[in-house]
Amino acid sequence: METLLEILNPHFLLRNALYGGLIIGIVAPLVGVFLLARRMVFLGVALPQVSTAGIAAAFIWHAFFHGHPDRDINDFAIALVGSSLLTFGVIVILALLERRKRGILEGRVAMLYAVAGAATILLVASDRITEIGILGLLKGEIIAIPDTELLILLLGYGAILAVLAVFHKELVLVTVDREMAISLGKHVVVWDLLLFGVIGVTISLGVLVVGPLVMFGFLIVPPMIAGRLALGMRNVSVMAAMLGAGVALVGFAAAYRLDWPTGPTDVALAGAVLAVVTAAQAVRFLMPRMAVK
Amino acid sequence: MADALISFRDVALGYDSVPVLEGLTLDVHLGDFLALVGPNGCGKSTILKGMVGILEPLRGNIGRGMGERPVRFGYVPQRETIEMVFPLTVFEVALMGTYGRVGPGRFVAHAERERVRACLGDVGLADLQRKPFPALSGGQRQRVLIARALAAEPDLLLLDEPLSGIDLRAAQTIMELITKLHRNRGLTTVMVSHHLKALRECEAVQEVMWVYEGKLLRGPAATMLAPDIVFRMMDAEIG
């Protein structure tokens, strides 16, 4: 409780890291609901990896032509450009291939994950300074987020939240029943592109702040927990966002108190909640049967 | 024909640019009740998807219109086409029927929600609206999908194998419901089915179209479901 009061103090030194985690904790699960509903979970693993490769490539490119960027807003902007370009490029290519129904999506995504991971390691191995920055991201050390970065995150994720709220019914319809959507005159390709754009922005911005592991954790685990407890897409979405926020807050407090890296603490906490909920449901399912015997 | 809701003219339909059916010419008129029948894999559902616009023609022309206004479809897909990672409630599934009328970015108004409840009442499921859709029986799910189609206020009701995978009693209930909708509302209906007995017993079915070796054979229900025609078509399926 004491720790919670300390980190919630407006003058707390690491407040931006807490706010950043909370913003991602609320918005990422809302996007993750659609990833799960469309059975695109693998994409949720691969895209943060692609995004990280984009960040590494952008840093290396900048270091090669212009020297190392200062640790300021330029740093963030270069990373954002690299992350966004590669993430969007990959999403568009995957969507086109999926539309042409060539090959297996899972195979492509798995290949993408492996190649993006390898490319990240090879890219950072060639430059020591970039390596240090990328290693921080990979470990999910959310310590210091400058005000400007927090503002960009807030604006970007605010826009995502608005899109998801305003077009919720269209996005649910093309996700749940594509054929019905066409029969109602909806342009499913347009809605797919909007959803992929939302996924791209969420991942490329989020990875910059919390890294690929934490991003994937927030995208997938809270919606999985919510899916076990709530009924209906809207209820699942609201509960997933609340769980994400709760995990971000409690995870940050635990990490601060125990001096652990914040990101992995968040993901471990979310995993523990999922395990408890699953176990409780299993007990509830088995109890009446055991009583009958 | 002036009153045709759907008109196919020398249409080829298929998947991945490979035609499954070619040279299709047919009309669906206001007030029709047409049943599409034929052996498994003959292309019945493909024709239905062509009517709705899920498949665009590889060749030829498909007209879908009532004068200036596009046709409003009430499409009842095969149950397996609905993605249910997160279980939706019965009401949420039926509510989707209104999404064609309610524009992007607008919330579904109270009156529309009431209409959806009325549609669920029409199919006899008013008291199940808060239940999870996947928890329903096959026949109940099919009725929810019919309620969803009705919520679209359709000009044309299209049903893709509504009787598949459900027991005899549920099939009977659904056929009675479809018959009532056609009779009371004059709802134009196209239905894909391989349950010939159910179609024969359904008084609403006016015409039957056999899809047979890529060709269409259309006629009055009594003639097309007569034993000699059925035996000929079934021989073709077995042979």
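The values are calculated or read from the model by the stated rules, or taken from the named source; none is laboratory data. Quick caveat, the model's predicted, so the values are computed rather than measured. So basically every Cβ, Gly included, is an ideal-geometry build from the backbone, and we count neighbours across all protein chains shown. Quick note on the areas: whole protein, heavy atoms, side chains included, nothing else; ligands and nucleic acids left out. Shrake-Rupley method; radii C 1.70, N 1.55, O 1.52, S 1.80 Å.
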Only helices counted: for chain B, with every DSSP H run of 4 or more residues adding -39500 (n - 2.57) and the sum spread over all residues, [θ] at 222 nm is -10000 deg cm²/dmol
Note: B:V230 to B:E176 extended length (0.36 nm per residue) minus current alpha-carbon separation gives 17.1 nm
Taking a label point 7 Å from the Cα of A:L8 along Cα-to-Cβ, the residues of region A:259-279 whose backbone nitrogen sits under 15 Å from it are none
The summed charge of the A:A240 Cβ neighbourhood (under 14 Å; Lys/Arg +1, Asp/Glu -1) stands at +2
TM-like helix rule applied to chain A (DSSP H, alpha carbon span at least 20 Å on the long axis, mean Kyte-Doolittle at least -0.5) gives A:15-37, A:41-66, A:73-99, A:105-125, A:147-166, A:188-210, A:212-229, A:233-258, A:262-292
Pseudo-spin-label distance B:R9 to B:H29, built 7 Å along Cα→Cβ, given in nm, is 1.9
Under a 1.4 Å probe, counting only protein heavy atoms, B:S17 has an accessible area in Å², nearest 10, of 100
Checking rank on A:254-266, A:172-184, B:106-118, with mean other Cβ inside 10 Å and highest first, the result is A:172-184, A:254-266, B:106-118
Computed over chain B: longest principal axis from alpha-carbon atoms vs helix B:138-151 long axis, angle to nearest 10 degrees, is 80
For chain A, the charge dipole (Cβ of Lys, Arg +1; Cβ of Asp, Glu -1; about the Cα centre) points to a positive end, and the Cα of A:V189, A:P212, A:G158 closest to that extreme belongs to A:V189
Note to self: Kirkwood Rh of the protein assembly as shown, Cα pairs, one decimal, Å, is 25.9
From most to least accessible, 1.4 Å probe, no ligand or DNA/RNA atoms counted, A:H168, A:H66 line up as A:H66, A:H168
When all Cα-Cα pair distances of region B:80-154 are considered, the percent exceeding 22 Å is 17
Violations at 26 Å Cα threshold for listed pairs A:K169/B:K44; A:K169/B:K180; B:K180/B:K215; B:K131/B:K197; B:K44/B:K197 -> A:K169/B:K44; A:K169/B:K180; B:K180/B:K215; B:K131/B:K197
With every protein chain in place, the accessible area of B:E201 for a 1.4 Å probe, in Å² rounded to the nearest 10, comes to 130
Residues other than B:S7 with Cβ under 9 Å of its Cβ, Lys/Arg counted +1 and Asp/Glu -1, net out at +1
Per the 1/(1 + (r/R0)^6) rule, R0 = 25 Å and r from the Cβ atoms of B:A111 and A:H168, FRET efficiency to 0.05 is 0.80
On the accessible surface of chain A, probed at 1.4 Å with all protein chains in place, carbon and sulfur together account for a percent value of 71
Residue span A:W61 to A:R15: 0.36 nm per residue of separation minus Cα-Cα distance leaves a gain in nm of 13.3 nm
In region B:49-65, accessible area falls by at least 30 Å² from chain alone to full assembly (1.4 Å probe) for B:I54
Residues from region B:90-133 losing no less than 30 square angstrom of accessible surface in the full protein assembly compared with the chain alone, 1.4 angstrom probe, ligands and nucleic acids excluded, are B:E92, B:M96, B:Y99, B:G100, B:P104, B:G105, B:F107
With the label point 7 Å along the Cα-to-beta-carbon line of A:L97 and a cut-off under 20 Å to each amide N, the hits in region A:36-56 are A:36, A:38-55
Nearest 10, in degrees from 0 to 90: the angle of helix B:168-185 to the longest Cα principal axis of chain B is 90
Excluding ligands, DNA and RNA, the carbon-plus-sulfur percentage of the accessible area of region B:47-110 with a 1.4 Å probe reads 50
Taking only the alpha-carbon atoms of region B:172-239, the convex hull volume per residue, in cubic angstrom, is 85
Sorted by accessible surface (1.4 Å probe, heavy atoms of the protein chains only), largest first, A:L161, B:L168, B:L199 come out as B:L168, A:L161, B:L199
To the nearest 10 degrees, the tilt of helix B:110-122 (Cα long axis) against the first principal axis of the alpha carbons of chain B is 60
Over the protein assembly as shown, with neighbouring protein chains present, the accessible area per residue in Å² at probe 1.4 Å is 47
Output row B,A: buried area (accessible, probe 1.4 Å, summed both chains) in Å², nearest hundred, equals 2600
With Rh as the Kirkwood radius over Cα pairs, chain A has Rg/Rh of 1.00
Scoring only Lys, Arg, Asp and Glu (+1, +1, -1, -1) among other residues with Cβ under 12 Å from the Cβ of B:E112 yields +4
Subtracting the Cα-Cα distance of A:W260 and A:M1 from 0.36 nm times their residue separation yields 91.5 nm
What the Cα atoms of chain B span along the principal axes, largest first and in whole Å, is 50, 41, 36
The Cα extents of region A:149-293 along the principal axes, largest first and rounded to whole Å, are 53, 48, 19
